[in-house]
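Beneath this line is the structure, given in structure tokens, with notes to follow.
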Amino acid sequence: MVRALQRVDNLAAFGLGQVAVSKVPVRRMKTLAKYGAGSKAPALDRLVEPRRTATLLAVTRSLEAEAIDDALDLFALLMATRLISPARRKSADERLRMLPRLERASKLVAKAGRVLVDQLDLVDHEGADLDVAAMWAAVAEIAGASKEQVRAALQVVEDLVPEDDGAAEATMRAALVEKYNTVRPFLRLLGESKALAAAPGGRRVLAAVHRLPELARRQVAKKPLTAKEIDAALVTASWKRAVYANPDLPQGAVDRDAYVVCVLEHLMRALTIRDVFASPWLRWADPRAHLLTGAQWEAIAEDVLASLSLTDPVQEHLNDKVRALDAAWKQMAARLAEAPW
């Protein structure tokens, strides 16, 4: 990954990725790049201007785009195979290891709970006074568990089954933090790279990525990271425990390693939906790059919208879609309520 990002930086140093070529047809650029890449240096040197410069420009931009795509492909592969998959396996293995303890404790709690419920129903039905000692005696006789054993089983269940519904995801994120040393070597190159750009939906993530070199250099043992120094909006519910609740850190300190991996996970998600994209690009392109805007769009907008039967005002069209979606959800909810289960 480090070598891939270094290759991107070496090619970006020529600055040709910033040359405006939007008016040149894409096919023409590809043809020039293919010709230049397949030609020897003397043949390129014999080209007349401006063809020689155009060919060299196309080749270099193509190589830079390929290098960026290769680096992002490698980043996606690393996140999937070296971070996320091992973390999921470790989380699943830990949950499987605790399952026997949880089963034993749950069975004991269920037996004791059943006895207590039956005894309470009996007290309520007979109108008798509640005899706590008699109830625990019934638990010991019928369920075969003492008061201390029931309390211990309850503690096991509480420890192994957290209150929040996202316990499995939170456990997986905690396992991901242990992979910080895997990503640490390339954080500076990734954060300082000029190859990434963002649409409005990805600007917050890209801003956090640009801070990665600073966070990687931070000596957190001497100066712990605080909540004010990170983008809290990126710390989703499944990450909160790993980022904010590290028991080995001082009160109020943030786990730097957890936050960095959290940012990388957001980056991977943003790249997948192209809220963050590469420039110049090939595979990791901005899908909005070739959309018409301004005067070009205004010149053909009426004909395009008419051909798509989109003649209503935008807000009215969106309101119709909202009403249709709302009706569909209500219809499905009604059918679910009527269905025999």
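Projecting the Cα atoms of Leu120, Ala152, Leu99 onto the charge dipole of region 89-164 (Cβ charges, centred on the Cα centre) puts Leu99 farthest toward the positive pole.
The mean sequence separation of alpha-carbon pairs under 8 Å and at least six residues apart, normalised by the residue count of the chain, gives a relative contact order of 18 percent.
When the Cα convex hull of region 193-341 is projected onto planes of every orientation, the mean area is 15.9 nm².
Taking a straight Cα-Cα cut-off under 15 Å and skipping sequence neighbours fewer than 8 places away in the same chain, the aspartates and glutamates within cross-link reach of Lys111 are Glu103, Glu141, Glu148.
Ranking of Lys228, Lys23 by neighbouring Cβ atoms within 10 Å, starting from the fewest: Lys23, Lys228. Extent along the principal axes, Cα only, for region 255-331: 51, 41, 18 Å, with the longest axis given first.
Annotation: the residues Trp136, Trp329, Trp284, sorted from fewest to most other C-beta atoms within 10 Å of their own C-beta, follow the order Trp329, Trp136, Trp284.
Hydrodynamic radius of region 34-79 by the Kirkwood approach over all distinct alpha-carbon pairs: 11.9 Å. Among Leu74, Leu57, the order by Cβ neighbours within 10 angstrom, fewest to most, reads Leu74, Leu57. Across all C-alpha atoms in the chain, the radius of gyration and Dmax reach 30.5, 108 Å. Think of each Lys and Arg Cβ as +1 and each Asp and Glu Cβ as -1; about the Cα centre, that makes the dipole of the chain roughly 2440 debye. Computed over the alpha-carbon pairs of region 89-164, the distance histogram in 10 Å steps reads 18, 40, 25, 12, 4, 0 percent, short to long. When the chain is modelled as a GNM with alpha-carbon springs shorter than 10 Å, which of Ile68, Ile142, Ile300 fluctuates the most? Residue with maximal mean-square fluctuation among Ile68, Ile142, Ile300: Ile300.
The peptide list 238-250, 90-102, put in order of mean Cβ contacts within 10 Å with the highest first, becomes 238-250, 90-102.
Taking one quarter of the surface of the convex hull spanned by the alpha-carbon atoms of region 294-338 gives a direction-averaged projected area of 4.1 nm².
Would you be so kind as to identify which of Trp329, Val209, Leu190 lies farthest towards the positive end of the dipole of the chain, taking Lys and Arg as +1 and Asp and Glu as -1 on Cβ and the Cα centre as origin? Final value for the positive-end residue is Leu190. Computed from Cα atoms, the angle from the helix 26-38 axis to the main principal axis of the chain rounds to 80 degrees.
Rounded to the nearest 20 Debye, what is the dipole magnitude of region 175-284 about its Cα centre when Lys and Arg each give +1 and Asp and Glu each give -1 at the C-beta?
Dipole size: approximately 200 debye.
Each peptide in 188-196, 59-67 gets a packing score, the mean of other Cβ atoms within 10 Å over its residues, and the list from highest to lowest is 59-67, 188-196. Where does the charge balance sit around Pro100 when Lys and Arg score +1, Asp and Glu -1, over other residues with C-beta under 15 Å from its C-beta? Value of the local net charge: +1.
Any read-out appearing in this document is the output of simple, stated calculations on the displayed coordinates, not a laboratory observation. Given the structure is predicted, the values throughout are model-derived calculations rather than measurements. Note that each Cβ is placed from the backbone with ideal geometry, even for glycine, and that neighbours are counted across all protein chains shown.
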